[in-house]
Amino acid sequence: MNNPFSTPLTEYLDQQQVAYRLLPHQTPATTIEDAAMQRGIQAQQMVKSILLRDMGDLYALACVPGNQSVDPKKARAVLNCRRMTCVNLADVPTITGYQIGCVAPLLLLKSMPILMDPELTTHDEVTISSGSNMAGIALKPSDLIQLCQPILVDLCKS
């Protein structure tokens, strides 16, 4: 795409020859709703990535639509864990390589299972963080799935 805005994630997508659109923000996005508004999309098109951990320090990244919440019980059932909780926010950057609010299901520092709610596949386009709070990336769900190889499973709280 050869954009003037570049992050390791945009460079990776360019290397993989994946079509995407860069969605710049006017100001740093502070919430899902703010980012959706600045990107001109609906919150349910955003991939919200939540880092979970079990008691044995198994990490997993749970991805749900931006307007939904992750049900850790559903994640633990898929991964056969006794308990899964959200990781302490201060630990997210050292585990994922991304700042809070900028986590994407690609190029994670630590290898971990990625779980994705199938509702995200119902859109023509979804958006992930570019790795910066100043832009998002829009791409086809099928391309995202091919790149991150998630386990597709219902993860949303009922």
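Taking label positions 7 Å along the Cα-Cβ direction at both Arg21 and Asn67, the computed distance is 1.9 nm, reported to one decimal. Build a GNM of the chain with springs between Cα atoms under 10 Å apart, and of Met116, Met46, Met134 the one that fluctuates most is Met134. Over 20 Å apart at the Cα level, from the set Lys110/Lys140; Lys73/Lys140; Lys48/Lys140; Lys74/Lys157; Lys110/Lys157, are Lys110/Lys140; Lys73/Lys140; Lys110/Lys157.
Here the label points at Gln99 and Met134, each 7 Å from Cα along the C-beta direction, are separated by 1.0 nm in the simple model. Summed over the residues of segment 8-152 and divided among them, the accessible surface reaches 50 Å² per residue at a probe radius of 1.4 Å.
Here P(r) over Cα pairs in 10 Å bins from 0, in percent was calculated from the structure, and among (i) 9, 28, 33, 21, 8, 1, 0; (ii) 11, 43, 37, 9, 0; (iii) 9, 27, 19, 8, 7, 7, 6, 6, 6, 4, 2, 0 it sits at label (ii).
The values are calculated or read from the model by the stated rules, or taken from the named source; none is laboratory data. The structure presented is a predicted model; accordingly, all values stated were derived computationally and were not measured. Positions of Cβ are generated from backbone atoms using ideal geometry, with glycine treated the same way; all protein chains shown enter the neighbour counts. Keep in mind that these areas ignore ligands, DNA and RNA; they rest on the heavy atoms of the full protein, side chains included. Shrake-Rupley method; radii C 1.70, N 1.55, O 1.52, S 1.80 Å.
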